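First up is the structure itself, then whatever we jot down about it.
The values are calculated or read from the model by the stated rules, or taken from the named source; none is laboratory data. The structure presented is a predicted model; accordingly, all values stated were derived computationally and were not measured. Cβ: placed from backbone, ideal geometry, glycine included. Neighbour counts: every protein chain shown. Accessible surface areas use protein heavy atoms only, side chains included; no ligands, DNA or RNA. Shrake-Rupley method; radii C 1.70, N 1.55, O 1.52, S 1.80 Å.
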Amino acid sequence: MSHEHASAAPQTPTGYRIPTTWTGDVLELDPRGTPGFEGGKAAGVDHLVAADAELDDLQERLYAQHHGNGSGRSVLLVVQGMDTSGKGGIMRHVVGAVDPQGVHITAFKAPTDEEKSHDFLWRIAPHAPAPGMIGVFDRSHYEDVLIHKVHGWADDTEIDRRYDAINAFEQELTDRGTVVVKVLLHISHAEQGKRLLERLERPDKHWKFNPADIDERQLWPAYMDATTAALSATSTEAAPWTVVPADRKWYARIAVQERLLEALRSIDPQWPAADFDVDEQLARLRATMTED
């Protein structure tokens with residue numbers, strides 16, 4: 001049997017990058033596509049594992065650079081997606097590959113009464129990553145435009161105000177040294193149905209199921225319209241969107257991993273120089289060591 005693809009050049013799973021001038025429709029983007037990557041699940045799993053070492057190294061350097069000399073930047077990974085789109089898998093298989101002390105994950109649930117009494121970004125801003133950290137939003141401030149638009153909890157004027165507030169917030173993060181990575185896990189209606197069915201048919205997955213998921217599923221067209229509008233309004237130079245096909249979980253993971261790697265490579269964090277005389281400290285240490 002021929003192995004003509006064995007020496008193929010390295011591939012870069014890109015997802016669908018959304019330009020600032022985008023006027024498309026999210027439904028035009030294939031949720032089963034694998035843009036930038038040729039190969040099946042086995043190749044994708046190998047790709048994920050092979051890139052773990054670089055991701056781990058870059059994250060450790062990011063953390064060390066700040067904690068070593070007080071300088072450094074940060075990364076914010078925003079993960080959006082419909083129910084069952086694979087957000088948990090991204091947390092386990094991509095974010096979980098790095099040192100947990102350098103990562104802060106925030107899973108935003110329905111706002112409390114106190115949070116509702118403030119502007120929608122009030123509860124979001126304190127969770128922006130500090131220098132040296134990778135911050136991860138499992139759902140995010142985008143819930144406050146998507147859900148509110150779909151359910152009519154905010155009118156068009158308020159939604160537009162929120163788009164502007166989001167863009168200003170993300171620009172502020174960028175200005176202070178945070179690379180903002182926004183990914184939308186794009187799952188098809190059919191695939192979501194299969195995953196919800198699995199949650200109901202398997203007792204070990206019942207804990208993941210919420211009857212409200214079916215209520216929201218019935219609003220699918222409205223969510224797709226709201227998502228398209230949000231992508232168009234908030235894919236900026238400072239914080240562009242990437243739509244990641246999510247019907248194939250393995251592809252979604254390598255595409256998000258690649259976006260995170262790109263962000264860290266753009267920062268190019270360096271090991272901090274020692275603030276002491278290394279030779280002097282080696283001599284002192286050796287003086288304390290005796291032959292057995």
Computed [θ] at 222 nm, helices only, for the chain once each DSSP H run of length n ≥ 4 contributes -39500 (n - 2.57): -14500 deg cm²/dmol
What residues have an amide H closer than 5 Å to that of His104, excluding those fewer than 5 places away on the same chain, when H is modeled at 1.01 Å from N in the peptide plane? Ile134, Gly135, Val136
Which entries of Lys116/Lys149; Lys116/Lys208; Lys109/Lys149 show an alpha-carbon separation above 23 angstrom in the structure shown? Lys116/Lys208
Looking at the range 135-218, which chymotrypsin sites (Phe, Trp or Tyr not before Pro) are in a loop (DSSP not H, G, I, E or B) and have at most 11 other Cβ atoms within 10 Å? Trp153
Placing +1 on the Cβ of each Lys and Arg and -1 on the Cβ of each Asp and Glu in the chain, which of Tyr63, Met133, Leu146 has its Cα farthest towards the positive end of the resulting dipole? Leu146
Centroid-to-centroid separation of the range 219-292 and the range 48-101 [C-alpha atoms, Å]: 5 Å
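Hey, any idea what % of the chain's accessible area is carbon plus sulfur with a 1.4 Å probe? Please report the intermediate quantities before stating the final value.
On the way: 8020 of 15270 Å².
C and S fraction of accessible area: 52 percent.
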Restricting attention to the range 31-130, which trypsin sites (Lys or Arg not before Pro) occupy a DSSP loop and are surrounded by at most 15 other Cβ atoms within 10 Å? Arg32, Lys109
On a straight-distance basis, which aspartates and glutamates could pair with Lys194 in a cross-link, Cα separation under 14 angstrom, same-chain partners fewer than 8 positions away excluded? Asp83, Asp213, Asp247
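If we count GluC sites (Glu not before Pro) as exposed when they sit in a DSSP loop and have at most 10 other beta carbons within 10 Å, what is the longest stretch of the chain that avoids them all? List each step's numbers first, then the result.
Details: sites that count: Glu4, Glu38, Glu237, Glu291.
My reading of the result: 39-236 is the longest stretch.
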Considering the chain as a Gaussian network with a 10 Å cut-off on Cα pairs, which listed residue, Ala43, Ala273, Ala238, attains the greatest mean-square fluctuation? Ala273
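Could you state the accessible area per residue of the range 148-292 in Å², with a 1.4 Å probe and every protein chain left in place?
Values: 7830 Å² over 145 residues.
Spelled out: the 1.4 Å probe surface of the range 148-292, per residue, equals 54 Å².
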